[in-house]
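**Q** This is the structure I have questions about; it appears just below.
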Amino acid sequence: MKRLFSLTALAVVFGCGCAEAQYSDGSIKIGVMNDMSGTYSDLSGQGSVLAARMAVEDFGAAAKGMKVEIVGADHQNKPDVGSNVVRTWIDVDKVDVIVDVPTSSVALAVNEIVRDKNKVFLVSGAAASDLTGPKCTPNTIHWTYDTWALANGTGKAIVKTGGDTWFFLTADYAFGHALERDTAAVVEKNGGKVLGKVRHPFPGTDFSSFLLQAQASKAKIIGLANAGADTINSIKQASEFGITQGGQNLAALLAFITDVHALGLQTAQGLIMTEAWYWDLNDANREFAKKFAPQDKGVHPTMIHAGVYSAVTHYLKAVEALKSDADGKAIVAKMKEMPTDDKLFGKGTVRADGRKIHPMYLFEVKKPAESKAAWDYYKLRATIPADEAFRPLADGGCPLVKS
Amino acid sequence: MFELLGISSQALFGQLLIGLINGSFYALLSLGLAVIFGMLNIINFTHGAQYMLGAFTAYFLLLYAGLGYWWAIIVAPLVVGITGIIVERLFLQWLYKLDHLYGLLLTFGLALIFEGTFRNFFGSSGLPYSVPPTLQGGQNLGFMFLPNYRAWVVVFSLAVCLTTWFVIERTKLGSYLRAATENPTLVRAFGINVPRMITLTYGFGVALAALAGVMAAPIYNVSPQMGANLIIVVFAVVVIGGMGSIMGAIVTGFGLGIIEGLTKVFFPEASNTVIFIIMAIVLLIRPAGLFGRSA
């Protein structure tokens, strides 16, 4: 009921009209779709539109004679709303590429439409590793992270340090299920045991009932297979109910810097999490954050925002090389053929199944005393090298790989 | 200890208590709605936003004035109640004679505006607000760990609910109010300022929402959509209890909290829908609600 109206923000970046190459309808149209008003709107939302715009500017599209337009829309975390937006975008508004799309249930729906219409889908926000597994398509690239990488990072690190019995608190939709499945596999592979799970409705508000069930399981680790406000409330209420004091630990399997900001370091300290990108990791990232934050209410960019920037940059390179934005399959093939290189993610590759490959990082949230400034939240515990960070190509079951 | 469907009695008691805690929020919010509907005939869709405003006011009081929880629990309902009075004077008073739909549309629109404005400035992840120092920690009850703050929420909201019920159903002031809704013209003839009474009633209903918001702030994060997440459930509670019935709102609020709590144990996936299933059944059997006076 809260969002009857889908927001459509239109940002025409630049147009000189002197196109050298032939782009369909005279321009390249990028559609950034995500949650612009609900639980995921801080970690994706308008910030992703901003990141796409910054990518277009830094690419120098105008100087190269490429006219690029960016449109944004709110999918309200509902697959039906998201599907309608994407159909209208492609059929009526002639959008060439769909970017971001957090909420795996929506992303999986969009995945099919984009394949049918032969456009391009660059996923930054969604997590389900199925997008490069059984559901992979020649039109989709999964850019920033996925549930397998999160499980492999956080899950493995925790089991190795003694957290060998687990209970899952899972958001009851595609993403939560995928994250739970991938983490359980990692836990069991490393000698741990899964004692139980409870699936909560998405989005939820009160988690105390589920937390009590987790407490009763006596598992050493309570794995939070949810995201955004759900994770924030789970962590907050776990500390209220004395769960961490009782000797059980929480594993936030997917948490973003915006979640840590909302929790405050007092509550969030000590959490271990896996991310693909952090603003304070190097000079290029810091410079990006410095430019980004003032334009997004002071919010520092999340890995999803950075992923949108990186993905759009690589897309524009491929379109430039092909001198056409018409054939989605051809563009994605070109993107897989060209090595990726941008200021935020450095050098990398896109695999045959559509998985973008780069290192992942294991972070620990700082204690309040260790943080020197606002948004100074993480210390780096380990870097997971690119060749170990993602699911091996052969294990995903992607039909594109067999052929 | 006995077991029921594989759940130990320990876990069951814990879940019942949790249900009671959530039920106190339902009761407090649906009470405000019931008071407003009973007296003004307005379906106040802004209620969730006003609950959110209460939580934000508590946050601002702490941030800018250094006033903690105990101040907030008094000041926030007053401040938000006054904004409610302004809304009533500016907009609602013109709608009493029209169809319910107009009031619903107006209050729904206001809710969207309030929530959108706060989201624009504060984002969606929410802001931290901690439990007051005197209520930190908790008691080990044997079957569960009960945080002191949650115990306080149950006791305090029960007290507020019963006081409100007593004032409206058992005092002279309450009888004026009830009479004014039955027949405003006649009550005016006795020299009672009915429009002012109605304005103050709306302010009071809104203040109740804000009070619930302050109480929720330490449990949930203070976020713009915190009310929107709750308000649909609360409306279902009011419908089940019977529109406008004060005791109905209180009893169903606590009762549904408990039923929802039990659903979270036996079939967690359905815990969001169970209240609406009950609503559908109640509407089929007793269209006026469990405690409603049928028209």
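**Q** Taking the options A:ASP206, A:ASP259, name whichever one is outside the structural domain of A:GLY125 (by TED's automatic domain parsing), in a helix (DSSP H, G or I) and of a type in the set (D, E, K, R). Before the answer, list the steps.
**A** Details: A:ASP206 fails: in a helix (DSSP H, G or I).
Sole residue among the options that is outside the structural domain of A:GLY125 (by TED's automatic domain parsing), in a helix (DSSP H, G or I) and of a type in the set (D, E, K, R): A:ASP259.
**Q** Does B:GLY191 meet the test of being without any contact (Cβ under 8 Å) to a residue 24 or more places away in the chain, away from chain A (no Cβ under 14 Å) and outside any loop (DSSP other than H, G, I, E, B)? Full working, then the answer.
**A** Numbers: without any contact (Cβ under 8 Å) to a residue 24 or more places away in the chain: yes; away from chain A (no Cβ under 14 Å): yes; outside any loop (DSSP other than H, G, I, E, B): no.
No.
**Q** Would you confirm whether any residue within the stretch A:267-290 is more than 22 Å from A:TRP166 (Cβ to Cβ) and within 9 Å of chain B (Cβ to nearest Cβ)?
**A** Among the residues of the stretch A:267-290, not one is more than 22 Å from A:TRP166 (Cβ to Cβ) and within 9 Å of chain B (Cβ to nearest Cβ), which makes the answer no.
**Q** (1) in the same structural domain as A:GLU337 (by TED's automatic domain parsing); (2) touching a strand residue (DSSP E or B) at 6+ places or on another chain (Cβ under 6 Å): which one isn't true of A:CYS136, the others all being true?
**A** (2)
**Q** OK, next. If you go through the stretch B:259-274 one residue at a time, how many are assigned to a loop (DSSP other than H, G, I, E, B) and more than 7 Å from chain A (Cβ to nearest Cβ)? Don't jump to the end; show me each part of the working.
**A** Filtering the stretch B:259-274 down to residues assigned to a loop (DSSP other than H, G, I, E, B) leaves B:267, B:271-273.
Remaining after also requiring more than 7 Å from chain A (Cβ to nearest Cβ): B:267, B:273.
Qualifying residue count, the stretch B:259-274: 2.
**Q** Those residues that are of a type in the set (Gly, Ala, Ser) and closer than 20 Å to A:GLY228 by Cα, I need them from the stretch A:280-338; list them, please. Explain how you work it out, then say what you get.
**A** The first filter runs over the stretch A:280-338 and keeps only residues of a type in the set (Gly, Ala, Ser), leaving A:284, A:289, A:293, A:298, A:306-307, A:310-311, A:318, A:321, A:324, A:326, A:328, A:330, A:333.
Listed by number, the residues that qualify are A:ALA293, A:GLY298, A:ALA306, A:GLY307.
**Q** Does the stretch A:282-299 contain any residue that is assigned by TED's automatic domain parsing to the domain that holds A:ALA55, surrounded by 21 or more Cβ atoms within 10 Å (Cβ to Cβ) and among the polar types (S, T, N, Q)?
**A** Taking every residue of the stretch A:282-299 in turn, none turns out to be assigned by TED's automatic domain parsing to the domain that holds A:ALA55, surrounded by 21 or more Cβ atoms within 10 Å (Cβ to Cβ) and among the polar types (S, T, N, Q).
**Q** Inside the stretch A:275-288, can you point out the residues that are part of a helix (DSSP H, G or I) and without any contact (Cβ under 8 Å) to a residue 60 or more places away in the chain?
**A** Within the stretch A:275-288, A:ASP283, A:ASN285, A:ARG286, A:GLU287 qualify.
**Q** Just to confirm my filter: which strands (runs of 3 or more DSSP E) fall fully inside the stretch A:2-115 and include at least 1 residues that are within 14 Å of another protein chain (Cβ to nearest Cβ) and modelled with pLDDT of 95 or more?
**A** Details: elements: A:8-14, A:28-34, A:68-74, A:97-100.
Answer list for the stretch A:2-115: A:28-34, A:68-74.
**Q** So which residues in the stretch B:146-172 are surrounded by fewer than 19 Cβ atoms within 10 Å (Cβ to Cβ) and without any contact (Cβ under 8 Å) to a residue 40 or more places away in the chain, if there are any at all?
**A** Of everything in the stretch B:146-172, those that are surrounded by fewer than 19 Cβ atoms within 10 Å (Cβ to Cβ) and without any contact (Cβ under 8 Å) to a residue 40 or more places away in the chain turn out to be B:ASN148, B:ALA151, B:TRP152, B:VAL155, B:ALA159, B:THR163, B:PHE166, B:VAL167, B:ARG170, B:THR171, B:LYS172.
**Q** Which ones in the stretch B:275-295 are over 25 Å from B:ASN229 (Cα atoms) and not in a loop (DSSP other than H, G, I, E, B)?
**A** Selection gives B:LEU284, B:ILE285.
**Q** Further, regarding this structure: Within the stretch B:208-229, which residues are buried (at least 24 other Cβ atoms within 10 Å of the Cβ) and in a helix (DSSP H, G or I)?
**A** B:LEU208, B:ALA209, B:ALA210, B:LEU211, B:ALA212, B:GLY213, B:VAL214, B:MET215, B:ALA216, B:MET226, B:GLY227
**Q** Looking only at residues that are on the phi < 0 side of the Ramachandran plot and either modelled with pLDDT under 90 or more than 14 Å from every other protein chain (Cβ to nearest Cβ) (or both) in the stretch A:242-253, which one is surrounded by the most Cβ atoms within 10 Å (Cβ to Cβ)?
**A** Going through the qualifying residues, I end up with A:LEU253.
**Q** Being aliphatic (A, V, I, L, M) and at pLDDT 95 or above is the filter here, so list the residues in the stretch B:43-61 that pass it.
**A** Of everything in the stretch B:43-61, those that are aliphatic (A, V, I, L, M) and at pLDDT 95 or above turn out to be B:ALA49, B:MET52, B:LEU53, B:ALA55, B:ALA58, B:LEU61.
**Q** Exactly one of (1) among the hydroxyl-bearing types (Ser, Thr, Tyr); (2) surrounded by fewer than 19 Cβ atoms within 10 Å (Cβ to Cβ); (3) at pLDDT 90 or above is unmet by B:TYR202. Its number?
**A** The single condition B:TYR202 does not satisfy is (2).
**Q** Restricting attention to the stretch A:157-165, does a residue exist that is touching a helix residue (DSSP H, G or I) at 6+ places or on another chain (Cβ under 8 Å) and assigned by TED's automatic domain parsing to the domain that holds A:SER208?
**A** So the first thing to find is which residues in the stretch A:157-165 are touching a helix residue (DSSP H, G or I) at 6+ places or on another chain (Cβ under 8 Å), and the list is A:159, A:164.
Remaining after also requiring assigned by TED's automatic domain parsing to the domain that holds A:SER208: A:159, A:164.
For the stretch A:157-165, residues touching a helix residue (DSSP H, G or I) at 6+ places or on another chain (Cβ under 8 Å) and assigned by TED's automatic domain parsing to the domain that holds A:SER208: present.
**Q** Residues in the stretch A:221-250 that are more than 18 Å from the chain's Cα centre (by Cα) and outside any loop (DSSP other than H, G, I, E, B): how many?
**A** Let us first name the residues in the stretch A:221-250 that are more than 18 Å from the chain's Cα centre (by Cα), namely A:221-223, A:233-250.
Checking the rest, the ones that are also outside any loop (DSSP other than H, G, I, E, B) come to A:221-223, A:233-240, A:249-250.
Number of matching residues: 13.
**Q** Counting residues that are in contact with a Phe, Trp or Tyr (Cβ under 7 Å, 6 or more places away or on another chain), which helices (runs of 4 or more DSSP H) fully inside the stretch A:290-397 reach at least 1? Lay out the reasoning, then the answer.
**A** Details: elements: A:303-322, A:328-337, A:386-389.
Hits in the stretch A:290-397: A:303-322, A:328-337.
**Q** Tell me the residue from B:TYR64, B:TYR59, B:TYR51 that is within 25 Å of B:GLY203 (Cα to Cα), free of Cβ contacts under 8 Å to residues at least 40 places away in the same chain and either part of a helix (DSSP H, G or I) or within 10 Å of another protein chain (Cβ to nearest Cβ) (or both), please.
**A** Values: B:TYR59 fails: free of Cβ contacts under 8 Å to residues at least 40 places away in the same chain; B:TYR51 fails: free of Cβ contacts under 8 Å to residues at least 40 places away in the same chain.
Answer to the check: B:TYR64.
**Q** Kindly indicate whether B:LEU33 is at pLDDT 85 or above, within 14 Å of chain A (Cβ to nearest Cβ), within 13 Å of B:ILE246 (Cα to Cα) and crowded, with 21+ Cβ neighbours inside 10 Å.
**A** For B:LEU33, the condition - at pLDDT 85 or above, within 14 Å of chain A (Cβ to nearest Cβ), within 13 Å of B:ILE246 (Cα to Cα) and crowded, with 21+ Cβ neighbours inside 10 Å - is not met.
**Q** For the stretch A:208-241, how many residues are more than 11 Å from chain B (Cβ to nearest Cβ), on the phi > 0 side of the Ramachandran plot and surrounded by 24 or more Cβ atoms within 10 Å (Cβ to Cβ)?
**A** Here the count works out to 0.
**Q** Here is a follow-up. Going through B:GLY32, B:GLY38, B:GLY19, B:GLY14 one at a time, which residue ends up being assigned to a helix (DSSP H, G or I) and over 19 Å from the mean Cα position of the chain (by Cα)?
**A** On the way: B:GLY32 fails: over 19 Å from the mean Cα position of the chain (by Cα); B:GLY38 fails: over 19 Å from the mean Cα position of the chain (by Cα); B:GLY19 fails: over 19 Å from the mean Cα position of the chain (by Cα).
Every option except B:GLY14 fails the conditions.
**Q** Turning to a different aspect of this structure: For A:GLN269, state whether it is free of Cβ contacts under 8 Å to residues at least 12 places away in the same chain and either assigned by TED's automatic domain parsing to the domain that holds A:PHE207 or among the aromatic types (Phe, Trp, Tyr) (or both).
**A** Taking the combined requirement at face value, the residue does not satisfy it.
**Q** Name the single residue that is nearest to A:THR231 (Cα to Cα) among those in the stretch B:75-134 being acidic (Asp, Glu) and away from every other protein chain (no Cβ under 12 Å).
**A** Here is the first cut: in the stretch B:75-134, the ones acidic (Asp, Glu) are B:88, B:99, B:115.
So of that shortlist, the ones also away from every other protein chain (no Cβ under 12 Å) come out as B:88, B:99.
Working: B:GLU88: 38, B:ASP99: 42 Å.
This residue is B:GLU88.
**Q** Also, quick follow-up: Can you pull out the helices (runs of 4 or more DSSP H) entirely within the stretch B:69-186 that have at least 2 residues that are touching a Pro at 6+ places or on another chain (Cβ under 7 Å)? Let's see the steps before the verdict.
**A** Values: elements: B:69-90, B:100-122, B:148-170, B:172-182.
Ranges flagged: B:69-90, B:100-122.
**Q** Does A:VAL312 qualify as being β-branched (Val, Ile, Thr), at pLDDT below 95 and farther than 19 Å from A:ASP387 by Cα?
**A** Working: β-branched (Val, Ile, Thr): yes; at pLDDT below 95: no; farther than 19 Å from A:ASP387 by Cα: yes.
So A:VAL312 fails the test.
**Q** Next up: Which number in (1) over 19 Å from B:GLY48 (Cα atoms); (2) touching a Pro at 6+ places or on another chain (Cβ under 7 Å); (3) of a type in the set (A, V, I, L, M, F, W, C) marks the one condition that B:ALA210 misses?
**A** B:ALA210 satisfies all of (1) over 19 Å from B:GLY48 (Cα atoms); (2) touching a Pro at 6+ places or on another chain (Cβ under 7 Å); (3) of a type in the set (A, V, I, L, M, F, W, C) except (1).
Conditions (1) under 20 Å from the mean Cα position of the chain (by Cα); (2) closer than 30 Å to A:ALA55 by Cα, marked per residue:
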residue	(1), (2)
A:VAL81	yes, yes
A:ILE90	no, yes
A:ASP93	no, yes
A:SER104	yes, yes
A:ALA109	yes, yes
A:LYS160	no, no
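The values are calculated or read from the model by the stated rules, or taken from the named source; none is laboratory data. Predicted, not measured: the structure shown is a model, and the values here were computed from it. A quick note on method: Cβ atoms are made from the backbone with ideal geometry, for glycine too, and the neighbour counts reach across all protein chains shown.
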